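> Below you'll find the structure I mean.
The values are calculated or read from the model by the stated rules, or taken from the named source; none is laboratory data. The structure displayed is predicted, hence computed values, not measured ones. Counting neighbours? That spans all protein chains shown, and the Cβs are built from the backbone with ideal geometry, glycine included. Side chains included, ligands, DNA and RNA excluded: accessible areas come from the protein's heavy atoms. Shrake-Rupley method; radii C 1.70, N 1.55, O 1.52, S 1.80 Å.
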Amino acid sequence: MSLLIVIVLAAAGCLGTEAPSSPGETPPALLIDYHRSGGFAGVDDHLVLFDNGAGLVSTRSITHEFQLSSAELHRLHLIFRQAAFDSLHNA
């Protein structure tokens, strides 16, 4: 999962504003919601990515919005498909 965060962070670009939407347009679906917390250092990291490529990374000290390009989003879909991510089960 660390690789995924690195990929997303490396591809991050600041959005600055909310993604434009048209009346009647379906809101983006949640693609990734990853949260990591705890440990000696008190880590509290959160990554949210939507199917339109809009995302947000937050830690205890920063929050950063980003937008993946369609090529980056396509590559991410391929990575998940190759890893058979859909076949994993929650414990």
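> Taking the stretch 56-86 on its own, how many of its residues are closer than 20 Å to ALA29 by Cβ and either of a type outside the set (Ser, Thr, Tyr) or open to solvent by 90 Å² or more (accessible area, probe 1.4 Å) (or both)?
Count: 21.
> Oh, and also: Out of the residues in the stretch 17-48 that are surrounded by 13 or more Cβ atoms within 10 Å (Cβ to Cβ) and of a type in the set (Val, Ile, Thr), which is modelled with the highest pLDDT?
Residues of the stretch 17-48 surrounded by 13 or more Cβ atoms within 10 Å (Cβ to Cβ): 19, 28, 31-32, 34, 36, 44-48.
From the residues that got through so far, the ones that are of a type in the set (Val, Ile, Thr) too are 32, 48.
Working: ILE32: 91, VAL48: 97.
That would be VAL48.
> Looking only at the stretch 36-51, count how many residues are in contact with a Lys or Arg (Cβ under 8 Å, 6 or more places away or on another chain) and aromatic (Phe, Trp, Tyr).
Within the stretch 36-51, residues that are in contact with a Lys or Arg (Cβ under 8 Å, 6 or more places away or on another chain) and aromatic (Phe, Trp, Tyr) number 0.
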